[in-house]
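Mind looking over this structure? Questions follow.
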Amino acid sequence: MVGAIGRYSKSPFPEKSLEQLTQLLVSLPREEPMTTRSGVQFLQPRNVRRRLGDEVIQQLASEYEAGDTTLVLMERYGLSKTAVLKVLRDNDVVIRRQPLTQEQVSEAIRLYTSGSSLARVASQMSLPSESIRRALDSAGVKRR
């Protein structure tokens, strides 16, 4: 064990032998392989471009340019918001801000002036708190 780990290394398992460490490694849960329609098993790649493929990425970009929001694309493709935005930026798609509608602004003002916090208003309306803050500032609502 001294030769494999090193005499002065700080092993997180100093009491375990190399054989015990190997058994521990083998017993750890592994990522389940995915299966294609033809029955071929593979591990899902972490790289979004490899996981989705160029055709799907072009479709995602087209849907965004056609008006779909990042939230819709996140759900549709099973991606995080960061991944969706990265795919869009990598494909030179201009990222847009979705302004709140007048009804949403009115509702945000009503909730905020009735005593709800900015975070609670955002949560109730399922919108980012920064969007709510900008809308309230633009409407001239004093923040507390």
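Readers should treat all values here as calculations from the given coordinates under stated rules, not as data from a laboratory. Keep in mind it's a predicted model, so treat the numbers as computed, not measured. Every residue, glycine among them, receives a Cβ derived from its backbone with ideal geometry; neighbour counts consider all protein chains shown.
Go through the stretch 55-134 and name the trypsin sites (Lys or Arg not before Pro) that are in a DSSP coil and have 16 or fewer other Cβ atoms within 10 Å of their Cβ.
Sparse-neighbourhood loop trypsin sites (Lys or Arg not before Pro): ARG96, ARG97.
Just to confirm a number: summing +1 for Lys and Arg and -1 for Asp and Glu over residues other than LEU118 whose beta-carbon lies under 10 angstrom from that of LEU118, what do you get?
Around LEU118, the surrounding residues sum to +3.
Here's another thing I want to ask about it. Working out 0.36 nm times the residue gap between LEU24 and GLN58, then minus their Cα-Cα distance, what length gain in nm do you get to one decimal?
Length gained between LEU24 and GLN58: 7.9 nm.
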